[in-house]
């Protein structure tokens, strides 16, 4: 059995994790460059937690310039088995107003300028992404939200835009017509990379606004978003604390195989795999690449 380690990536408004005890700040070096910040490793509710602010502690990194590969690699090196992404987002649904949380189960990736895989020339791999989030982790988040009386919807599609600008009105209406529920700028390629690293992944999408499709609400502006964000951040911290309190000590095998995603994903012949790339993949893919 593998010891469960809960990772939390904090999005806009969540730059620390209140209540985290026995904290050690660790600067992790990765083959992919520097993560967004130091990892804050500690204990919460009897569970080992690894926290990383996605944009840096002072929110200095825009969505398109986040080193997603370094962030996920660092989490893997820290032993994270289950990763919760906490992200601010806009809503396309009347029943998901500002302050509401959505536990998404699907993504549409509209980003264009980001490194989206740990693999490449010298070692080719194709992981399954039909179901990008881990259901057991989502179920635990839903239970924690109910216990904390946090308004929450289980299931939904997250449209990931490049940013950093918000949507045009035409884009907002188009994404809504596609059946999307929320929109944000950061969960891709994060979710893809977590799957490649065999880390169970789930998103808590915290609604801050109605994007710009809603005729009865003002268009998106950063002042109103920040006001909602403060309340959302407090609820997110309470949600994570409750999740940690009830989290199992041993990692629960994912029914979708998120934690064994690389088992048959690498298709390059072993003798043709680049030694240079193998050395970079030591944390992410060592489990399969080191097999005799």
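The values are calculated or read from the model by the stated rules, or taken from the named source; none is laboratory data. Every value quoted in this text rests on a predicted model; they were computed, and no experiment measured them. A quick note on method: Cβ atoms are made from the backbone with ideal geometry, for glycine too, and the neighbour counts reach across all protein chains shown.
Under the condition of being under 15 Å from residue 75 (Cβ atoms), in contact with a strand residue (DSSP E or B) (Cβ under 7 Å, 6 or more places away or on another chain) and in a loop (DSSP other than H, G, I, E, B), which residue from the stretch 14-38 is modelled with the lowest pLDDT?
Here the answer is 17.
Do you know which of the residues in the stretch 59-83 that are part of a loop (DSSP other than H, G, I, E, B) and over 24 Å from residue 239 (Cα atoms) is farthest from the chain's Cα centre (by Cα)?
Out of the qualifying residues, it is 60.
Can you find even one residue in the stretch 259-279 that is surrounded by 18 or more Cβ atoms within 10 Å (Cβ to Cβ), at pLDDT below 95 and more than 23 Å from residue 19 (Cβ to Cβ)?
Yes: the stretch 259-279 contains one or more residues that are surrounded by 18 or more Cβ atoms within 10 Å (Cβ to Cβ), at pLDDT below 95 and more than 23 Å from residue 19 (Cβ to Cβ).
Somewhere in the stretch 69-78, is a residue closer than 28 Å to residue 228 by Cβ, touching a strand residue (DSSP E or B) at 6+ places or on another chain (Cβ under 7 Å) and crowded, with 20+ Cβ neighbours inside 10 Å?
yes
How about the stretch 156-176: which of its residues are assigned to a loop (DSSP other than H, G, I, E, B) and surrounded by fewer than 19 Cβ atoms within 10 Å (Cβ to Cβ)?
Within the stretch 156-176, 162, 163, 164, 165, 168 meet the criteria.
Restricting to the stretch 39-58, name every residue that is within 19 Å of residue 136 (Cβ to Cβ) and assigned to a loop (DSSP other than H, G, I, E, B).
Across the stretch 39-58, the qualifying residues are 45, 46.
Output yes when any residue across the stretch 196-219 is more than 30 Å from residue 99 (Cβ to Cβ), touching a residue at least 60 places away in the same chain (Cβ under 8 Å) and touching a strand residue (DSSP E or B) at 6+ places or on another chain (Cβ under 8 Å), and no when none is. Working first, answer last.
Here is the first cut: in the stretch 196-219, the ones more than 30 Å from residue 99 (Cβ to Cβ) are 196-198.
Going one step further and asking which of them are touching a residue at least 60 places away in the same chain (Cβ under 8 Å), we end up with 196-198.
Next cut, touching a strand residue (DSSP E or B) at 6+ places or on another chain (Cβ under 8 Å) only: 196.
Yes; the residues of the stretch 196-219 include at least one that is more than 30 Å from residue 99 (Cβ to Cβ), touching a residue at least 60 places away in the same chain (Cβ under 8 Å) and touching a strand residue (DSSP E or B) at 6+ places or on another chain (Cβ under 8 Å).
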